[in-house]
Amino acid sequence: MSIIEKDKKYIAGTYNRFPVEIVSGKGSVVLDASGKEYIDMGSGIGVTSFGIGDDTWKQAVIAQLDKVQHMSNLYYTEPCARLAELLCEKTGMKKVFFSNSGAEANECAIKAARKYAAEKKGPEYSTIITLKNSFHGRTLTTLAATGQDHYHELFTPLTPGFVHVESGNIDELKSTIATEKAAALMIECIQGEGGVIPIDPAYAKAAYEICKENDILLIVDEVQTGNGRTGRLYAYMNYDITPDIVSTAKGLGGGLPIGATLLGEKVEHVFGFGDHGSTFGGNPIACAAACSIIERIDEHLLNEVKQKAEYIKDTLSGKPGIEGVTGLGLMIGIKTAKPAAEVAKACMEKGVLVLTAKDKVRLLPALNISQDVLERAVAVILSCCAE
Ligand SMILES: *Cc1c(COP(=O)(O)O)cnc(C)c1O
């Protein structure tokens, strides 16, 4: 049986995979089983922040692997304390809870918000307001948070206590706060799965102010936008807002599973012993990997991210078969005249791996992709959109 046949026979049918088996790679170039090269413009959906097999990242992982690969959270380990310190010092947030995925990071954010509101205003203040067209994960609670009905169908009943409002509509947010007993508003600064749609800065600012006035917590889901992706360490830093809670995952570990929920001043002390936990959360190898990622996201790298983003936007905008380019930093959506899936397939055949999101071709390349490799990939994307 080939790997593809074996996968189809034994793996649950949730993924519509491209007919390519990736066996190795280096940086932003990966190889399939036949030896064909591809430029990876998706980086595992924004996960391999410094590409495949990055040397610094690998050294950090191997050094920790030589010490201890796992300890229960009954004991202290150095990498998770160091990572929490790094995250807090770079954001001004006060405390961190580590988990293993984006959905879990959001679950923790929701639990923190509900407990804060329950203690401060009463347990009936449990509603979490999220935006239509959002994506917050696949667990039954984060599905409830996700403002897209098609993800919900046949999986109901979902966790109650979630309402979805139109992004950009301040009046609707105000009237929802007036009628719902809300604990938190949860937003993405750029809706990734929703089609790479940035939030209106004026709306983000107004929503932040309204939340502050009403003591409703602002949760920013930075699972996809975080960790340097948008040209700032976290995407909220592009907007004039200070979240109470930030959740992140994807690019944080550079390829190892880790989620983090950053707790601001209001919720610094919300969790006590036993309120939350995770067997694997704070795993020393995942945390050592994440430390090596966060340490390297400095002004120099972030400026490079911004320059490459500008290069991509300038090169693609207004070209044949391209109707628009959205996004921030190296999180880019391309509205194509042809169906996005068709463009993605053509790119793959020509040796460039791209993602799609709704009706867009989506690019989430490694933050350190070289200009030369990037130019080759963009040329292929241009030709596949035009044909
Ligand atoms: C990917 C994603 C999630 C879910 O993360 P998982 O690690 O797959 O659980 C949640 N929110 C956003 C914005 C995402 O992009």
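Quick rundown of the values:
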{"quantity": "Matching residues, the range 123-159, being touching a residue at least 40 places away in the same chain (Cβ under 8 Å) and over 20 Å from the mean Cα position of the chain (by Cα)", "calculated": "GLU124, TYR125, SER126, THR127"}
{"quantity": "Test: residue in the range 249-272 that is over 19 Å from CYS80 (Cα atoms), away from the ligand (no atom under 14 Å from the Cβ), assigned to a loop (DSSP other than H, G, I, E, B) and in contact (Cβ under 8 Å) with a residue 24 or more places away in the chain", "calculated": "yes"}
{"quantity": "Which numbered condition ILE129 misses (of (1) among the β-branched types (Val, Ile, Thr); (2) assigned to a strand (DSSP E or B); (3) farther than 17 Å from ASN214 by Cα)", "calculated": "(3)"}
{"quantity": "Residue match in the range 165-179 (condition: hydroxyl-bearing (Ser, Thr, Tyr) and either touching a helix residue (DSSP H, G or I) at 6+ places or on another chain (Cβ under 8 Å) or surrounded by 23 or more Cβ atoms within 10 Å (Cβ to Cβ) (or both))", "calculated": "yes"}
{"quantity": "Selected residue (only one of THR77, THR91, THR127 is buried (at least 18 other Cβ atoms within 10 Å of the Cβ) and over 24 Å from SER292 (Cβ atoms))", "calculated": "THR127"}
{"quantity": "The lone exception for ILE210 - which of (1) away from the ligand (no atom under 16 Å from the Cβ); (2) on the phi > 0 side of the Ramachandran plot it fails", "calculated": "(2)"}
{"quantity": "The one condition in (1) crowded, with 21+ Cβ neighbours inside 10 Å; (2) charged (D, E, K, R); (3) at positive phi that ASP221 fails to fulfil", "calculated": "(3)"}
{"quantity": "Within the range 97-106, considering residues that are part of a helix (DSSP H, G or I) and crowded, with 24+ Cβ neighbours inside 10 Å, the one nearest to the ligand (Cβ to nearest atom)", "calculated": "GLY102"}
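Yes/no matrix, rows are residues, columns are (1) acidic (Asp, Glu); (2) crowded, with 16+ Cβ neighbours inside 10 Å; (3) outside the structural domain of HIS70 (by TED's automatic domain parsing); (4) in contact (Cβ under 8 Å) with a residue 12 or more places away in the chain:
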{"position": "GLU310", "(1), (2), (3), (4)": "yes, no, yes, no"}
{"position": "LEU328", "(1), (2), (3), (4)": "no, yes, yes, yes"}
{"position": "ILE334", "(1), (2), (3), (4)": "no, yes, yes, yes"}
{"position": "LEU353", "(1), (2), (3), (4)": "no, yes, yes, yes"}
{"position": "ASP359", "(1), (2), (3), (4)": "yes, no, yes, yes"}
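Residue-wise test of (1) over 17 Å from the mean Cα position of the chain (by Cα); (2) closer than 26 Å to GLY194 by Cβ.
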residue: GLY226; (1), (2): no, yes
residue: ARG232; (1), (2): no, yes
residue: ILE241; (1), (2): yes, yes
residue: GLY255; (1), (2): no, yes
residue: GLU265; (1), (2): yes, no
residue: GLY277; (1), (2): yes, no
residue: GLU295; (1), (2): yes, no
residue: TYR311; (1), (2): yes, yes
residue: ASP314; (1), (2): yes, yes
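Residues are listed down the side, and each one gets a yes or a no for (1) closer than 22 Å to ILE334 by Cα; (2) modelled with pLDDT of 95 or more; (3) out of contact with any Lys or Arg (no Cβ under 7 Å at 6 or more places or on another chain):
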| residue | (1), (2), (3) |
| --- | --- |
| THR176 | no, yes, yes |
| LEU217 | no, yes, no |
| GLN224 | yes, yes, no |
| GLY228 | yes, yes, yes |
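The values are calculated or read from the model by the stated rules, or taken from the named source; none is laboratory data. What you are looking at is a predicted structure, and each value in this text was computed from that prediction instead of being measured. All Cβ positions, glycine included, derive from the backbone under ideal geometry; neighbour counts span all protein chains shown.
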